[in-house]
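Scroll down for the structure; my scribbles are underneath it.
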Amino acid sequence: MGMGVSANPLDKGRIGRMLVDEGIIELEDLKTALEVQIERGGKIVEILIHLGCLDASTMSGFLSSRPGDASIELDRYRVPRELCELIPREYALEHEVFPIDRMGNCFTVAMTFPIELETIRRLEEITGLNVNALLCNAQDIRAAIRSYYPAKESAQSQPRDKITRGQIETGLKVENVVQMLRRIDSLPALPQTVQQVQEATADPDTSLRDIAEIVSTDPAISAKLLRLANSAAYGFLIKINNVQSAITLLGMRETYMAVLSSAIIDITEASSFFDHKRYWKWSMFSAAAARNIATAAGHGRKAGVFTAGLLSDIGRFALSEIAPIRYSRIDRDLEGIELAMAEEEALGIGHPEAGHILAVHWQMPDEISEPIRFHHRPELAQIDPDLTAMVALAAVMSDAYMRGDAPGEEVFESHAQLLSILGLQPAQVADTYAATRTPEMEMM
């Protein structure tokens, strides 16, 4: 008992330090995880897995192979219920710890991570006993807590972003990535968007249309406002598919609060992992191109086309938020279907599917979610194939724009099937591409 706390942040990450010493993770990975822990809290192992620095099966093997750490199977034990009174139920749930036995001053507990010295130290403070920790599966611990503690486990008692040992054994596979995607309530806004909206709302002459023009330049904020406007709280049968309508429905105050809340996360800290400026530039060109393609194809101001183009690659943004380090290792020069394949190899899921999961989770209308999902495979679209084809062609144009390709028919010759769906000739597409490359776009 009475363990001292070091002022050195690396000393606080004792588990991480062990992993570094064993050559399982790099020292830079540990430093990054500790920075995240300081900013957001959480357990260092969970953060390392969340960032993609630590392979989950390796962590499981590391825990099992340590010579001094015994393991236990809880279902073989009958635990006296008075032992449960020594550990508060909320603490047991949060830290995945369960009492096993007591002999005099020695208190034996089961833990998911028995090398978490801070948890052990806190248990010794709570109980006044010397704690001996044994390794146990998290699912068994949670089952024991449900069985032995009188109160029923509530949704509020469960740590929302907990990564349990059961998840550790499967690692960053598709199921885990999907679960993490569904926990994303919003993505960070571009700082200039927040500032511009703040200044605009302070001006009594500002209209909702003025706010819509500002917000429409930011994919993350546009996505959040559409999610809010289409939430069950507003109870409309017709889905909102554009930012102007969303802001009209929400009102200026609600829009301002939504934008302001997105400023909580400072995206500059993630700039080394994901090029937010490049992503924003790609998205803006895609939105403008999709709108111009709709006009060229004879659809005029087709509803939802600008927003669908703006959000078509929102899955890239989301994946970089879930596993920034792992995502940063993907070749930044990849694009289109090749990028999606590389994402699937690294994370088990590509950005089109990740974006679609977000769109469904945020209750976006089908004409937005379908192009997000199929903008690299438009032939699979069923709800609005024309709209998906427009967004798909806009993505091709955006890739060409980011490569610096000059306008020319040869850029689009390999996309004859896509052009056929829209009834466009290569020369028309080349002209549309050239028209989208406005001076304002070039200056972004």
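What follows is calculated from the coordinates using simple rules that are stated; it is not laboratory data. All values derive from a computational prediction rather than experimental measurement. Glycine gets a Cβ as well: all are built from the backbone with ideal geometry, and neighbour counts include every protein chain shown.
Summing +1 for each Lys or Arg and -1 for each Asp or Glu among the other residues whose beta-carbon sits under 10 angstrom from that of residue 385 gives -4.
Computed over all pairs of different Cα atoms, the Kirkwood value for the hydrodynamic radius of the range 332-415 is 13.6 Å.
Among 220-230, 427-437, sorting by the average number of other beta carbon atoms lying within 10 angstrom of each residue, highest first, gives 220-230, 427-437. The slack between residue 414 and residue 139, meaning 0.36 nm per residue of separation minus the straight C-alpha distance, is 93.9 nm. In order along the range 407-413, the Karplus-derived 3J(HN,Hα) couplings, from 6.51 cos²θ - 1.76 cosθ + 1.60 at θ = phi - 60°, round to x, x, 4, 4, 5, 10, 5 Hz, and Gly and Pro are given as x.
Annotation: amide H of residue 101 within the under-5 Å range of 108, sequence separation 5 or more or interchain, hydrogens built in the peptide plane. Let me check I've understood the local charge: for residue 247, count other residues with C-beta under 12 angstrom from its C-beta, Lys and Arg +1, Asp and Glu -1. What total comes out? That sum, taken over residues with Cβ under 12 Å, equals 0.
Based on Cα contacts under 8 Å between residues 6+ apart, the range 267-442 shows a relative contact order of 25 percent.
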